1. When Cβ neighbours within 10 Å are restricted to other protein chains, what is their mean count per residue of peptide B:329-335?
2. Cross-link list B:Lys101/B:Lys228; A:Lys28/B:Lys360; A:Lys127/B:Lys52; A:Lys28/B:Lys157; B:Lys231/B:Lys255; B:Lys99/B:Lys157: which exceed 21 angstrom alpha carbon to alpha carbon?
3. What's the FRET efficiency of A:Ala202 with B:Asn252 using the Cβ-Cβ distance as r and R₀ = 41 Å, to the nearest 0.05?
4. Quick check on packing: order B:274-282, A:171-179, A:16-24 by the mean number of other C-beta atoms within 10 Å, highest mean leading.
5. As a footprinting exposure proxy, order B:Tyr182, B:Tyr248, A:Tyr228 by other Cβ within 10 Å, with the fewest listed first.
6. List residues of the stretch B:302-342, by number, whose backbone nitrogen lies under 16 Å from a label position 7 Å along Cα→C-beta of B:Tyr229.
7. At 7 Å along the Cα-to-beta-carbon direction for both B:Leu44 and A:His314, put a label point, then send me their distance in nm to one decimal.
8. Per Stokes-Einstein, at 25 °C and 0.890 mPa s, what whole-number D in µm² s⁻¹ belongs to the protein assembly as shown, with the Kirkwood radius over Cα pairs as the hydrodynamic radius?
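None of the figures in this text is laboratory data; all of them are computed from the coordinates on show. Note that the coordinates shown come from a computational prediction; the quantities given were computed from them, not determined experimentally. No Cβ is skipped: glycine too gets one built from the backbone with ideal geometry, and neighbour counts run over all protein chains shown.
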Amino acid sequence: MIIQFICRAILLGVPLLYGSTGEIITEKSGHLNLGIPGVMYVGAISGVVGSFLYENACGNDINNMNGFLAVIIPLLCAIAGAVVMGLIYSFLTVTLHANQNVTGLALTTLGIGLGNFLGASLINITKSELPSIALTKTSSFFSTTLPFADDLGWFGELLFSHDFLTYLAIAIALVVSFVLNRTRVGLNLRSVGENPATADAAGINVIKYRYAATCIGSAIAGLGGLQYVMSYASGVWSNNAFGDRGWMAIALVIFALWKPSMAIMGSFLFGALCNANNYIQGLGTETQELFKMLPYVVTIIVLIITSMRKKREHQPPGSLGVNYFREER
Amino acid sequence: MAKQKDNKHHEPLFHIVKRDDMPQWQAWLIRVCTIIIGFLFVGLLSMAITEKSLGDTYEIMFSGVFGRLFEGSTTMLWKYLQEIAILLCLALALTPAFKMKFWNCGAEGQALMGGLASIFCMIQFGEKLPYPALIAVIVVTSILAGAVWGVIPAIFKALFNTNETLFTLMMNYIATQIIAYYVYIEGGGSNVINPVAYGNFPAVGNNDYFVNIVIVAAITVFMYIYLKYSKQGYEISVVGESQNTARYIGINVKKVIIRTMIISGALCGVTGMLLVAGKDHSINTSLVGGQGFTAILMSWLGQFNPFIMVVMTGIVVFLRLGVAKVADTSLLNSSFSEIIVGIVILMLVGCEFFIHYSIKFRHSKKEVKA
């Protein structure tokens, strides 16, 4: 029961981890991308479209499908879709100096619209009775687990029973953490986010760093959308099912104090909070609705506590939300 | 980008200069052109997908918004005005907060709480109170509910500088869960509250929406005067420009933040009331339907001017309803209109660049120097 709860929490937390790792990279460059929910939607639907086409090309027969292709096609599609969204955002904010909050929110509208539109179109094509698309074959490739997980009892279930996207998320978070804090590229990126004018004077290409950070961040966030569809929802896409996870990923960035390694624990905690209502005994449906607000309440409490403590290393990047215009410094 | 690489050896091909001197008419020409391009793009995209002619597409869009207006039927027109009124009311509510650089992303939640207060009063006091008293109670409680939901993040922003964007966002979801809880309790587990017959706004001459539209029109004028001519409106713009300046000239910044968010939240609460008492007579979690976010964009595109906001919301609601009709007649799904609205807003956001900056090419610059 406890093990099941933790595994479920991890499964729920992974999309948030992808989203917040991506957003941390973007925010470290000084851009607050409120389009992440839209980006994750587009990542998810791009992956769905990719695997839908591949399943159809194989005649909907699992025996014809190559495991490697079945995984890599949706993966690349998700990344491509998310990067396009990231490019739109960075073109508008970096090159055209548009307001970051407004651009991000518009991008979220666009992304959610695109996701629902393509999703509903696919549902139309399949002429299915249910308002969803089932890609269970592709999903089965995604959820292949390590072979020795079952032999190790609860220990194996806890540590080795997850799908590869979960391990990839943790790996990406750790790599990002390393790159940000231990390499020159990371140092440059942080300086661009703290004070772009100084970074520019030191010969760092601010525009290049901001474009790269936004696009890489979007690509990672897009994977979160894919993980949600393929692993959590077992390959079933239905419109609006992804819900508000994108916003929670953004909140998690503050929870994690802009540290990807903290985001790992934070996302699993959020996953647990999202899921707590299903595991507490004897709750009526109406009380469950109240329990679903738990993650949001915790986020608010964390927001307040971090703002009250005002430690220097817990602050957002210095120029977060401010566009850099060279002639204005 | 190209201009960066070239830097070492010779002058870049072009560079970007900020400008504040563009005449108003020129700025508006750019915006109107963008909107026209947007509409052309919408038509062409719909044409490509639905395989109808461009003229037909626009005709369907027009009929989706105005219905049989030329044949004397004003039903659709009133519906259109009603949709504008709701979006506009939310945008107006957010404007003082944005002018103060307080990113209130919580219009959705504040309106939901206002709506909750309305439906609660309608159900609890509907039979007990006479109609005028009931309406008064509904108005007061929904304004209070919205204001409380808006002022909580403001207090923390004023005291500890807590990030208001995320705080208000999270408050949306808490409000949504409270509504889900209330609907479950009140609907007896059916997740539906049947329309309540008490405390509905009166229909004026067969028209259910007239009261809503008049209220929002009044708020529009009030907000224009409040922001432009009142002392409080001036304080808001000073705090928005620079908090240090505000402190220097003796404005109590904390007080201004809290007071402005009370107004902002209260107006969002009014929107919730208009939706519940003036339109749906019921409530569910998708009462506001994401319009709280669209309203943020409307407020910004309207440049904090309530009358420009009327035009902007008019255009966006036209697109939303019109494209939804196009999608409907071609068996596309209604999300098509979300995409279109998103694209057109992004175009409008992008076009501001050409208003605030000018691109100077290498040759033209040399001539200036000589």
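1. Numbers: counts 0, 0, 1, 4, 9, 4, 12.
Average per residue, whole number: 4.
2. Working: B:Lys101/B:Lys228 17 Å; A:Lys28/B:Lys360 31 Å; A:Lys127/B:Lys52 23 Å; A:Lys28/B:Lys157 23 Å; B:Lys231/B:Lys255 14 Å; B:Lys99/B:Lys157 16 Å.
Check vs 21 Å cut-off fails for A:Lys28/B:Lys360; A:Lys127/B:Lys52; A:Lys28/B:Lys157.
3. Details: r = 41 Å, r/R0 = 0.99.
For A:Ala202 and B:Asn252, the calculated efficiency is 0.50.
4. Details: B:274-282: 24.0, A:171-179: 16.7, A:16-24: 32.1.
In descending order of packing, they fall as A:16-24, B:274-282, A:171-179.
5. Least to most surrounded, the residues fall as B:Tyr248, B:Tyr182, A:Tyr228.
6. From the stretch B:302-342, the list is B:306-307.
7. 5.3
8. Working: Rh = 26.7 Å.
Translational diffusion coefficient: 92 µm²/s.
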